[in-house]
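I have placed the structure first, in the form of structure tokens, so that the comments after it can refer back to it.
Here, each number is a calculation from the coordinates, and none is a lab measurement. What you see is a predicted model; the values in this text were computed from it and never measured. Here the Cβ positions follow ideal geometry from the backbone for every residue, glycine too, while neighbour counts run over all protein chains shown.
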Amino acid sequence: MLVLGIESSCDETAAAVVANGEQILSNVVASQVAMHAKYGGVVPELASREHLRKIEPVVNEACARAGLNISQVDGIAVTEGPGLIGSLLVGLVYGKALAHALAKPLVGVNHLEGHIHAVLLESKMDLQAGKVAEEAQLPAVVLVVSGGHTSLFLVEAVSPSAHSPSAAFNYRRLGQTRDDAAGEAFDKVARLLALGYPGGPLIDQLARWGNAEAVDFGRIRMKGNPLDFSFSGVKTAVLYRVRGTPLALEAEERRAWRTTRDNVSIDELRARCSHATLDLIASFQNAVVHNLVERTLAAAEAAHVDSVFVSGGVACNSLLRARMLEASRAQGIRALFPSPGLCTDNAAMIASAGYYKLQAGQLADASLTAHAAFPLGEKQDSGSRIQDSGDKQGSGFRIQHSGKPA
Ligand code: KG4
Ligand code: ZN
């Protein structure tokens with residue numbers, strides 16, 4: 001079954017063709033990063049206009065690279081939310097019109113579901129290529145961590161039942177950020193320090209030159225759900241360390257210098273960062289990564305799963321990958337990340353998630369529309385599913401699975 005995936009929830013116009021949910025035939029991403037960089041973040045109106053310009057060439061390119069005529073696809077999967085409404089609408093309406101014109105089945109996919117499927121997709125491809133001995137296993141705790149989201153899910157494969165005759169996967173949200181997403185915090189700190197946009201990859205590289213222990217941001221503690229996240233505190237702590245100090249002057253000098261340059265190499269940027277700035281960057285990244293790893297592994301322990309998946313743009317972060325692998329191994333847990341091209345926004349993950357929905361007959365009709373807010377998985381309610389385990393050594397709560405995975 002050949003599925004054409006279309007993704008346009010933020011600032012990448014993407015289309016891909018995936019066979020049987022597990023083999024990428026093409027994966028085209030037109031990034032708008034360069035356009036938004038001069039504003040230091042995504043400008044929604046510019047994003048939707050650029051999607052309008054790119055959607056048709058990108059879809060055509062995806063079909064051409066897959067060696068297909070568009071009429072040969074068996075179904076179309078589009079991102080229906082969450083995201084920027086104007087951006088989402090472009091891809092969704094285009095996919096809907098294509099499905100109607102070609103008389104092909106259409107499915108709507110949650111963007112977060114797509115990020116989760118990126119891990120399963122990559123693992124199937126790795127297995128086929130003989131790179132790994134076994135496929136990713138469900139149930140798993142999945143951390144989706146990007147510029148727009150930081151959420152933990154318990155993901156289970158489910159057999160069709162009388163209760164849910166067509167479900168293939170069950171997603172249960174265990175926690176989420178109460179303020180900034182982790183990627184958003186990376187981007188805002190990078191903007192404060194005039195490093196460039198998007199900030200995550202720049203901070204990732206610059207942090208290697210700083211001392212991650214130089215600034216102690218303390219532990220991020222949460223009242224209520226211990227699997228929720230909060231990054232605005234550490235972001236504001238960085239602001240207070242910069243404001244009114246020589247670091248602020250240094251950042252302004254960097255900002256002025258950056259406006260005179262189109263392309264800046266990481267070495268040039270590093271040469272314009274003092275040791276104190278590099279230490280602050282490394283310590284900030286260390287605090288965020290520590291928190292992500294700690295919460296994810298606490299969720300895995302509470303849910304009694306032995307797999308964790310990490311996906312979304314921040315899953316490209318080298319420290320997060322190294323720390324998560326190290327800490328999960330110590331806990332006897334397998335940690336899986338997609339390769340960087342599948343971590344960031346792409347349409348192969350949408351096509352792959354859409355394949356299972358097509359298989360399960362979860363088809364969309366003409367009423368399919370875009371949703372800026374579009375939660376995946378019901379919120380974990382503390383009464384029924386998280387119970388005090390009395391385990392004083394562990395995380396102090398336990399998550400029950402809904403049933404045996406298929
Ligand atoms: O998944 P994505 O492409 O788009 C959203 O759905 O948000 O993620 C983009 C985010 C940006 O905030 C970017 O700074 C962050 O992912 N990012 C990183 C790295 N690469 C991308 N953050 C930290 N380290 C990285 N290496
Ligand atoms: Zn995303």
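Dipole of the chain (Lys/Arg Cβ +1, Asp/Glu Cβ -1, origin at the Cα centre): which of L358, T177, G148 lies farthest to the positive side?
Projecting each Cα onto the dipole axis, the largest value belongs to T177.
Output the peptides 142-150, 28-36 sorted from most to least packed, where packing is the average of other Cβ atoms within 10 Å over each peptide's residues.
Packing proxy ranking, top to bottom: 142-150, 28-36.
Which pairs in the list K38/K188; K104/K357; K54/K96; K188/K223 are over 22 Å apart, alpha-carbon to alpha-carbon?
Distance filter (> 22 Å) returns K188/K223.
If eta is 0.692 mPa s and T is 37 °C, what Stokes-Einstein diffusion coefficient results for region 11-77, Kirkwood Rh from Cα pairs, in µm²/s?
On the way: Rh = 12.9 Å.
Answer from the Stokes-Einstein relation: 254 µm²/s.
Run the numbers for D365 and Y39: contour at 0.36 nm per residue of separation, minus the present Cα-Cα distance, in nm. All intermediate terms of the calculation are to be shown ahead of the outcome.
Numbers: separation 326, 0.36 × 326 = 117.36 nm, distance 3.78 nm.
Here the segment from D365 to Y39 would lengthen by 113.6 nm.
Compare V289, V132, V78 in a GNM of the chain, Cα atoms joined below 10 Å, and give the one with the largest fluctuation.
Greatest mean-square fluctuation among the candidates belongs to V132.
Among P44, A62, S339, flag the residue with its Cα farthest along the positive direction of the charge dipole of the chain, charges on Cβ as +1 for Lys/Arg and -1 for Asp/Glu.
P44
Given Cα positions, please report Rg to Rh for region 206-264, the hydrodynamic radius being the Kirkwood one.
For region 206-264, the value is 1.10.
R0 = 22 Å: FRET efficiency of S232 with E294, Cβ-based, nearest 0.05?
0.80
Could you give the nm distance between label points at W257 and A322, where each point is 7 Å from its Cα heading toward the beta carbon?
Going from the W257 label point to the A322 one covers 2.5 nm.
In straight Cα distance, which aspartates and glutamates are under 13 Å from K124, not counting same-chain residues fewer than 8 positions off?
E22, E134, E135
Would you work out if the chain is rounded, prolate or oblate? Take a ≥ b ≥ c from the square roots of the eigenvalues of the alpha-carbon gyration tensor; rounded if a/c is under 1.5, else prolate when a/b is larger than b/c, oblate otherwise. Working shown, then result.
Details: a/c = 1.94, a/b = 1.20, b/c = 1.61.
Verdict is oblate for the chain.
Compute, for the chain, the length of the dipole vector about the Cα centre, with Cβ point charges of +1 (Lys, Arg) and -1 (Asp, Glu) only. Units Debye, rounded to 20.
For this selection, approximately 500 debye.
Hey, if you put +1 on the Cβ of every Lys and Arg and -1 on every Asp and Glu Cβ in region 62-136, which of P82, V119, Y94 ends up farthest toward the positive end of that dipole?
It is Y94.
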